[in-house]
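Notes follow the structure.
The values are calculated or read from the model by the stated rules, or taken from the named source; none is laboratory data. What you see is a predicted model, and the numbers here were worked out from it, not measured in a lab. Every residue, glycine among them, receives a Cβ derived from its backbone with ideal geometry; neighbour counts consider all protein chains shown.
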Amino acid sequence: MAQAQRIADDAARAKGRLLVNMSHGDVRTPMITIIGTAQLLARTQLDQRQGDYLHHIDVASQHLLGLLSDVLNLSKIEPAAWPPIESSHFALEQMCQNVCRVMASDAAGRICS
């Protein structure tokens, strides 16, 4: 049992070192490229369906970029120094609508393919 815990702890430390050693550029640059390409595409002539798809790409990629940044930032903080969890107000309905739109287009793509 103690050996299994030691192995798990070693794996957790290795994962933490990997994240700490990754730069923001290693992870964020591909995501920023996707966002930039989507913004360039938005400047072209798109039909309604293509515009909707592009909007989903934009919303999801912006969200993913935020998550990537948060993970990288948290990986550099020692657990003992983590800030306390705080509550904040947000537009729950808008967030749910965004999630539903992204998931609906993904589901439609899976059904149609």
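For I77, indicate whether it is at pLDDT below 80, surrounded by 10 or more Cβ atoms within 10 Å (Cβ to Cβ) and not in a helix (DSSP H, G or I).
So I77 fits the description; yes.
Can you list residue pairs whose Cβ atoms sit under 7 Å apart, with the first residue in the stretch 47-65 being free of Cβ contacts under 8 Å to residues at least 40 places away in the same chain and assigned to a helix (DSSP H, G or I) and the second being surrounded by 13 or more Cβ atoms within 10 Å (Cβ to Cβ) and charged (D, E, K, R)? Count only pairs 6 or more apart in sequence or on different chains.
L65/R28
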